[in-house]
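Reviewing the structure listed below.
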Amino acid sequence: MIRSSSLLATPVLFFAALGLLSACATKPEAKSPVATGPARTFTEQHPSVPQQEPNPTTTTVHISDEIARACGISDPDSYFAFDSARLNTDDTRVLDQLATCFESGPLKGRKMNLVGRADPRGTPEYNMTLGQHRADAVVKRLASKGVAKSMMESTSRGAMDAVGTDEPSWARDRRVDISLGQS
């Protein structure tokens, strides 16, 4: 014979166990990530990252008039995006033309100087480093197209010569200047 109290205990235990199991199956609330690294990072070109459409704030180089004329490069000015050392599609096209000119064209055997620059919104140390990363990104692209690294000298001026006071003028401060070096 089954007692009535044991019949009541069985469903109570069943629902208690079911409640415990469902509590274990719920997902904990997602916690907000806490930034532990540096507040800023430099971005470099990566083939799987889609490139942005060109505009006055997203490209990277200023080629001297002397080089542009010798190499037949039109519209050689472009500028980096804020806090970035990434080359975009227009930059790589112009840099590929530049590499051809210095490897087998009219400026074959000539050296070039590359000076990385930044807008004035970071610390002096940060801007010097960012400017160097920008110059290094251009050197890397040119070297990948055959220009000997010994023919390129890269430096950074950071924001030392920056003149911008708003986004359009800061955009012009973010660049790598390329000029002929001493042979």
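The values are calculated or read from the model by the stated rules, or taken from the named source; none is laboratory data. Nothing here was measured: the structure is a model prediction, and the numbers come from that model. Cβ: placed from backbone, ideal geometry, glycine included. Neighbour counts: every protein chain shown.
Among the residues of segment 79-112, count how many are outside any helix (DSSP H, G or I) and within 15 Å of the chain's Cα centre (by Cα).
Adding up the residues that qualify gives 10.
Listed here are the residues, each with its yes/no results for (1) aromatic (Phe, Trp, Tyr); (2) free of Cβ contacts under 8 Å to residues at least 40 places away in the same chain; (3) touching a strand residue (DSSP E or B) at 6+ places or on another chain (Cβ under 6 Å).
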residue: Glu125; (1), (2), (3): no, yes, no
residue: Lys140; (1), (2), (3): no, yes, no
residue: Arg157; (1), (2), (3): no, no, yes
residue: Gly164; (1), (2), (3): no, no, no
residue: Val176; (1), (2), (3): no, no, yes
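Just wondering, is there one or more residues in segment 105-125 that are of a type outside the set (Val, Ile, Thr), surrounded by fewer than 20 Cβ atoms within 10 Å (Cβ to Cβ) and under 13 Å from Val61 (Cβ atoms)?
For segment 105-125, residues of a type outside the set (Val, Ile, Thr), surrounded by fewer than 20 Cβ atoms within 10 Å (Cβ to Cβ) and under 13 Å from Val61 (Cβ atoms): present.
Only one of Ala135, Ala143 is touching a helix residue (DSSP H, G or I) at 6+ places or on another chain (Cβ under 8 Å), in a helix (DSSP H, G or I) and within 25 Å of Arg93 (Cβ to Cβ). Can you tell me which?
Ala143
Scan segment 145-155 for residues that are free of Cβ contacts under 8 Å to residues at least 12 places away in the same chain and touching a Leu at 6+ places or on another chain (Cβ under 9 Å) and jot them down.
Lys149
So if I check each of Gly164, Gly181, which one is surrounded by fewer than 19 Cβ atoms within 10 Å (Cβ to Cβ) and within 15 Å of Ile63 (Cβ to Cβ)? Step through it out loud before you land on a result.
Values: Gly164 fails: within 15 Å of Ile63 (Cβ to Cβ).
When all the criteria are applied, what remains is Gly181.
Just to be sure before I move on: is Ser169 of a type in the set (Gly, Ala, Ser), buried (at least 18 other Cβ atoms within 10 Å of the Cβ) and either under 15 Å from Ser64 (Cβ atoms) or out of contact with any Lys or Arg (no Cβ under 8 Å at 6 or more places or on another chain) (or both) in the structure I sent?
no
What do you reckon, is Thr129 modelled with pLDDT of 95 or more and closer than 30 Å to Gly109 by Cα?
Yes; evaluated as a whole, the condition is true for this residue.
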